[in-house]
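The values are calculated or read from the model by the stated rules, or taken from the named source; none is laboratory data. In this text the structure is predicted, and so the values were computed from the model without any measurement. Counting neighbours? That spans all protein chains shown, and the Cβs are built from the backbone with ideal geometry, glycine included.
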Amino acid sequence: MARISLAIKTPFGEINVHGDTTKEVLEVLSKLDQDFVSEVNDRVSELLVTQAKDDLKGIIEIGRDGPIIVTKKKLSHYASIGLILYALREHQSSSREITKRLAASGKKVTVPARLHEMRKRGHIFKPVDRAPYYKLSTRGVKWIEEEVLPPLKKK
């Protein structure tokens, strides 16, 4: 008899369930509850945040109040905003908080105008239309990781 396989996509990856019978697969599925998925998601998120902090060393410092840009290299307004969002949990923040973090970093940026332009470019989006929050899109994360960070990491 053929083995039964089931792949479940989650925010942190894929869970694969296997069994020889439908009953075996259902038994395993009954053990996967929301608490399990939440716990795995939290642990994976912690690992990713630790990795991100290591990747940003010398570029951004994460303090009690949030990230601060510490690199001495010249950054565009877009890159500055993108780095702040990249360093935040879930790559999301309000325009007011972004402005505060940039001011704490010593950067003078006209945030609303740059956010509008970044939305047009597809680097950020608003998860909730009328809310003041912005989030890096997948394209924005890729832009930060492939175009903004590499030149900043070179010594």
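Below is a table of values for the structure above.
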{"item": "Residue pairs meeting the criteria (Cβ under 9 Å; at least 6 apart or on separate chains; first on the phi > 0 side of the Ramachandran plot, in the range 61-72; second at pLDDT 90 or above and polar (S, T, N, Q))", "result": "Gly66/Ser93"}
{"item": "Count of residues meeting criterion [closer than 20 Å to Glu117 by Cβ, outside any strand (DSSP E or B) and either modelled with pLDDT of 95 or more or not small (Gly, Ala, Ser) (or both)] in the range 83-97", "result": "8"}
{"item": "Which listed residue is in a helix (DSSP H, G or I), without any contact (Cβ under 8 Å) to a residue 60 or more places away in the chain, among the hydroxyl-bearing types (Ser, Thr, Tyr) and assigned by TED's automatic domain parsing to the domain that holds Glu146, from Ser80, Ser30, Ser38", "result": "Ser80"}
{"item": "Enumeration of residues in the range 98-126 that are in contact (Cβ under 8 Å) with a residue 12 or more places away in the chain, farther than 13 Å from Ile68 by Cβ and not in a helix (DSSP H, G or I)", "result": "Val109, Thr110, Gly122, His123, Ile124, Phe125"}
{"item": "Residue check for Leu88: of a type in the set (A, V, I, L, M, F, W, C), free of Cβ contacts under 8 Å to residues at least 24 places away in the same chain, assigned by TED's automatic domain parsing to the domain that holds Asp129 and buried (at least 16 other Cβ atoms within 10 Å of the Cβ)", "result": "yes"}
{"item": "Within the range 115-144, considering residues that are charged (D, E, K, R) and either closer than 14 Å to Ile98 by Cα or touching a helix residue (DSSP H, G or I) at 6+ places or on another chain (Cβ under 9 Å) (or both), the one surrounded by the most Cβ atoms within 10 Å (Cβ to Cβ)", "result": "Lys135"}
